[in-house]
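Trainee: Encoded as structure tokens, here's the structure I'll be asking about.
The values are calculated or read from the model by the stated rules, or taken from the named source; none is laboratory data. Note that the structure is a prediction, hence the values are computed from the model and not measured. The area values use the complete protein model at the heavy-atom level, side chains included, leaving out ligands, DNA and RNA. Shrake-Rupley method; radii C 1.70, N 1.55, O 1.52, S 1.80 Å.
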Amino acid sequence: MTDTLTKLASLIEARKQASPDSSYVAKLQHSGLNKILEKVGEEAIETILAARDVEQGASKDKLIYETADLWFHTLVMLAQLDCSPAEVLQELERRFGVSGLEEKAARG
């Protein structure tokens, strides 16, 4: 699973240097953080709506598709801010064995 994230993060990083005319990632990166954040928000809403549809009996296909879009755009956001998926995975790993309720209470 992490191989896919690693490959995608490498591809996104490489495309940051491409011409905005030749790469969607480069176009987003050159548009700036606010445009990337708009896309993350848009994809988050589409994911939420797809999840509601699944709860109402719709196929999971659209939920999977929209979640992939959300993850992709989140990776573009991380790359724009010089963060890596590995850092996010490390944080998730750190949380293993910690009660979600306790972790949330500790944030205060």
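Trainee: For LYS39, give me every one of the aspartates and glutamates with a C-alpha distance below 16 angstrom, ignoring sequence neighbours fewer than eight places off in its own chain.
Mentor: Excluding near neighbours in sequence, the set is GLU66, ASP69.
Trainee: Quote to one decimal, in nm, the extra length available between LYS60 and LEU37 on full extension: 0.36 nm per residue of separation minus the C-alpha distance between them. Don't skip to the answer; put the middle values down first.
Mentor: Numbers: separation 23, 0.36 × 23 = 8.28 nm, distance 2.53 nm.
Using 0.36 nm per residue and subtracting the Cα-Cα distance, I get 5.7 nm.
Trainee: So what is the accessible area of the chain per residue, in Å², with the probe set to 1.4 Å?
Mentor: With the other protein chains kept in place, the chain gives 73 Å² per residue.
Trainee: Moving on. Just the number, please: carbon plus sulfur as a percent of the accessible area of the range 1-107, 1.4 Å probe, no ligands or DNA/RNA counted.
Mentor: 57 percent
Trainee: Distance between Cα centroids, the range 83-107 to the range 1-73: provide it in whole Å.
Mentor: Value for the Cα centre distance between the two parts: 22 Å.
Trainee: Could you give the length gained by full extension between ASP82 and LYS7, i.e. 0.36 nm per residue of separation minus their alpha carbon distance, to one decimal place?
Mentor: Answer, rounded to one decimal: 25.4 nm.
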